[in-house]
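Coordinate-derived values only; no laboratory data. It should be emphasised that the depicted structure is a prediction, and the values quoted were computed from it without experimental measurement. Counting neighbours? That spans all protein chains shown, and the Cβs are built from the backbone with ideal geometry, glycine included.
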Amino acid sequence: MKQIHVRDISGAVKNLCIEANTCLGEDVLNRLRECRDRESSAIGRQVLSQIVRNADMARDEAMPMCQDTGVAVVFVELGQEVHIQGGNLTDAIQEGVSEGYRQGYLRKSMVRDPFDRVNTGDNTPAVIHLETVPGDLLRLTVAPKGGGSENMSTVVMLPPSAGLDGVREFVLNWVERAGANPCPPVIVGVGIGGNFEHCAYLAKKSLLRDIGDRHPDPFYAALEIQLLEAVNTLGIGPQGFGGDCTALEVFIETAPCHIASLPVAVNLQCHAARHRQAVL
Amino acid sequence: MKKAVQHIITPPLTEESCMRLMAGDSVLIRGSIYTARDAAHQRMVQCLERGEPLPVSLDGQIIYYAGPSPAKPGHIVGSIGPTTAGRMDAYAPALIEAGLKGMIGKGSRSGTVTDAMRKHHAVYLGAIGGAAVLLAKCILEVQIEAYEDLGPEAVRRLVVHDFPAVVINDCHGNDLYRSGRKNHLRSIRHA
């Protein structure tokens with residue numbers, strides 16, 4: 001058994017929270033630059049230039065690129081040969097989030113109850129997705145998710161007869177309806193299959209992929225490209241001011257599903273597409 | 001399509017100054033604006049319903065829908081981009097009636113809000129969502145004016161210089177989210 005101390009887990013999560021919120025991934029930045037250079041709308045080019053400049057400034061000054069530093073979503077892949085020492089995994093992750101949001105001067109956006117809405121003061125609790133995997137590694141991914149784009153996300157249970165066309169139409173209509181609200185250019189995370197809650201998880205998980213990483217199945221890879229092209233003919237454009245670049249990317253994740261169901265989830269991600277990973 | 005114009009505006013805004021702003025125009029704001037979002041709006045509207053004075057006079061003023069991240073040592077404010085304006089739609093008409101002339105946010109507004117804007121000559125401006133460091137650089141002073149207990153949601157007075165925004169909804173009924181998209185699609189079809 002490999003021993004990993006909770007102290008190291010908290011420390012890693014703390015750093016990931018700060019890095020994710022201040023350093024936009026090179027993959028996202030490169031795609032933003034490409035889209036800026038080929039955007040045909042003048043106001044669209046201006047918006048994309050400012051988004052790129054903002055990301056550069058955030059990294060250089062170690063400031064969060066967006067004031068909404070989000071719900072801390074933490075994906076954990078725990079190798080079954082790992083033994084956690086000195087405490088428990090969940091507490092260690094929550095402690096790391098609390099420290100990261102405090103020390104990184106990140107905004108605390110969590111309220112303890114949906115109705116009394118009292119701020120918890122340290123952005124906990126994080127939403128934790130735990131998966132056990134073979135091996136002796138612990139992989140931690142922190143993906144802060146802002147409220148604006150999260151609010152424009154959805155799950156629908158389509159009848160299987162809706163088929164591929166039904167799924168395409170639903171995704172496209174949803175992005176169109178979301179319009180300027182989720183801070184386009186967006187990344188469209190699509191979950192297809194599974195059941196009600198698993199489908200939403202798939203959509204969220206797809207957002208962890210790097211821009212340009214295609215689905216391993218050529219059928220879904222082609223569908224991703226097709227949907228991206230379709231979304232970018234909507235004309236919504238950067239910030240919804242009109243333009244070519246409505247989405248930077250479309251990612252699809254799928255899972256087996258019930259004979260009666262065709263669940264589809266769309267998790268929209270704003271251009272501040274933040275995720276950072278560490279392996280212990 | 002009319003060519004977009006750049007305006008420099010300084011609150012308090014008058015009906016006349018609002019009427020000159022057209023959807024698609026860009027503005028640079030100089031002077032004082034106030035931040036408020038969900039919780040502060042709820043309290044201000046409750047104030048008006050009870051017939052009490054607002055904690056700050058909104059006459060001719062601009063509200064920026066924003067809740068900043070905490071300021072780092074040596075900074076006056078953290079990152080501060082706009083939040084989704086639609087969540088304030090339930091409260092905005094009452095504040096417009098109380099004299100509010102401008103709102104800065106991102107995302108579309110309801111018909112009730114745009115109706116109130118037309119009636120009282122107010123404007124809705126869009127700042128770039130997510131450009132929160134860039135926007136923080138336009139802020140010269142920050143002062144908490146009300147509801148300090150709300151933390152990032154407190155009402156702050158910001159003194160800004162050349163704070164950039166785009167007119168989304170003007171007081172003549174135009175909407176950049178509709179016209180911008182329509183014009184873009186027309187232009188690429190004719191390209």
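Points to keep in mind about this one:
- Filter result (in contact (Cβ under 8 Å) with a residue 40 or more places away in the chain, under 30 Å from residue A:94 (Cβ atoms) and touching a Pro at 6+ places or on another chain (Cβ under 9 Å)) within region A:147-176: A:148, A:149, A:150, A:152, A:153, A:155
- Considering A:253, A:176, the condition of being acidic (Asp, Glu) and under 30 Å from residue B:26 (Cβ atoms) is satisfied by A:176 alone.
- Only a single item in (1) touching a Pro at 6+ places or on another chain (Cβ under 9 Å); (2) within 12 Å of another protein chain (Cβ to nearest Cβ); (3) among the charged types (D, E, K, R) is not met by residue B:156, and it is number (2).
- Checked against the criterion of being surrounded by fewer than 24 Cβ atoms within 10 Å (Cβ to Cβ) and touching a Cys at 6+ places or on another chain (Cβ under 6 Å), region A:185-193 contains one or more residues that satisfy it.
- None of A:150, A:169 is over 26 Å from residue A:64 (Cα atoms) and either surrounded by fewer than 24 Cβ atoms within 10 Å (Cβ to Cβ) or out of contact with any Ser or Thr (no Cβ under 8 Å at 6 or more places or on another chain) (or both) except A:169.
- Qualifying residue in region A:22-31 (condition: surrounded by fewer than 18 Cβ atoms within 10 Å (Cβ to Cβ) and within 11 Å of chain B (Cβ to nearest Cβ)): no
- Applying a threshold of 8 Å to beta carbon distances and a minimum spacing of six or more residues, or different chains, the list of pairs starting in region A:177-202 at a residue that is closer than 30 Å to residue B:168 by Cβ and ending at one that is of a type in the set (Phe, Trp, Tyr) reads A:179/B:177; A:180/A:241; A:180/B:177; A:187/A:251; A:188/A:251; A:189/A:251; A:190/A:251.
- The criterion of at least 2 residues that are surrounded by fewer than 15 Cβ atoms within 10 Å (Cβ to Cβ) is met, among strands (runs of 3 or more DSSP E) falling completely within region B:109-191, by B:139-146, B:155-169.
- Close Cβ contacts (under 6 Å, 6 or more residues apart or on different chains) running from residues in region B:142-165 that are over 17 Å from residue B:70 (Cα atoms) to residues that are polar (S, T, N, Q) comprise B:159/B:32.
- Looking only at region B:16-33, and only at residues there that are surrounded by 18 or more Cβ atoms within 10 Å (Cβ to Cβ) and in a helix (DSSP H, G or I), the one that is farthest from the other protein chains (Cβ to nearest Cβ): B:17
- Test: residue in region A:67-74 that is at the interface with chain B (Cβ under 9 Å from one of its Cβ atoms), under 16 Å from residue A:142 (Cβ atoms) and of a type outside the set (A, V, I, L, M): yes
- Where a residue in region A:228-245 is touching a residue at least 40 places away in the same chain (Cβ under 8 Å) and within 8 Å of chain B (Cβ to nearest Cβ) and its partner, wherever it lies, is basic (Lys, Arg) and in a helix (DSSP H, G or I), with Cβ under 6 Å and at least six apart: A:236/B:181; A:242/B:181
- Answer residue from region A:66-119, given it is aromatic (Phe, Trp, Tyr) and crowded, with 21+ Cβ neighbours inside 10 Å and is nearest to residue A:53 (Cα to Cα) among those: A:105
- Qualifying strands (runs of 3 or more DSSP E) (wholly inside region A:1-111; at least 2 residues being under 27 Å from residue A:185 (Cβ atoms)): A:71-79
- Single residue of A:100, A:79 found to be more than 9 Å from chain B (Cβ to nearest Cβ) and more than 30 Å from residue B:66 (Cβ to Cβ): A:79
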